[in-house]
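A quick write-up on the structure given underneath.
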Amino acid sequence: MKYDSESDVYTCANKRLIKVTYLKRKQIKMDTYEVQVYKCESYNNCFLRGKCFKGKNNKKIECSKVLTKLRKRSQDNIKNKVGILLRMNHSIQVEGHFGVTK
């Protein structure tokens, strides 16, 4: 499934547009954030429906822009040179401690 950031629309394998239908708020502990809910207008007569999803209703995608940005930033931090060095040092220090206790 492809996403077009300019028009804020997903495109399914059958070239149908999946647009934002409504926004809803979710809460994790004390933080609240908005989630965009994307739905296709109709999957009637779609020959790829069985491959796309198994539900009886139309496909629904929930996406949070804030969480997507945070996830990307986290991945960038892990994959840069400093992140690789920190992960390597962490694995050495933790394994060393368990080796001594055995």
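Given the conditions (1) assigned by TED's automatic domain parsing to the domain that holds residue 10; (2) β-branched (Val, Ile, Thr); (3) modelled with pLDDT under 75, report the number of the one that residue 35 does not fulfil.
(3)
Of all residues in region 52-78 being surrounded by 11 or more Cβ atoms within 10 Å (Cβ to Cβ) and among the basic types (Lys, Arg), which is nearest to residue 20 (Cα to Cα)?
Ranking the candidates gives 60 first.
If you go through region 72-80 one residue at a time, do you hit one that is at pLDDT below 90 and under 27 Å from residue 5 (Cβ atoms)? Step through it out loud before you land on a result.
Initially, region 72-80 is screened for residues at pLDDT below 90, giving none.
Looking for residues that are at pLDDT below 90 and under 27 Å from residue 5 (Cβ atoms), one finds none in region 72-80, hence no.
What is the residue count in region 1-40 for residues that are part of a loop (DSSP other than H, G, I, E, B), free of Cβ contacts under 8 Å to residues at least 12 places away in the same chain and polar (S, T, N, Q)?
Residues flagged as part of a loop (DSSP other than H, G, I, E, B), free of Cβ contacts under 8 Å to residues at least 12 places away in the same chain and polar (S, T, N, Q) within region 1-40 amount to 2.
Could you figure out which of (1) within 17 Å of the chain's Cα centre (by Cα); (2) exposed (fewer than 10 other Cβ atoms within 10 Å of the Cβ) isn't true of residue 12?
Among (1) within 17 Å of the chain's Cα centre (by Cα); (2) exposed (fewer than 10 other Cβ atoms within 10 Å of the Cβ), the lone unmet condition for residue 12 is (2).
The values are calculated or read from the model by the stated rules, or taken from the named source; none is laboratory data. For clarity, every value in this text was computed on a predicted model and none was experimentally measured. Neighbour counts are summed over all protein chains in view; Cβ atoms, including those assigned to glycine, are modelled from backbone coordinates with ideal geometry.
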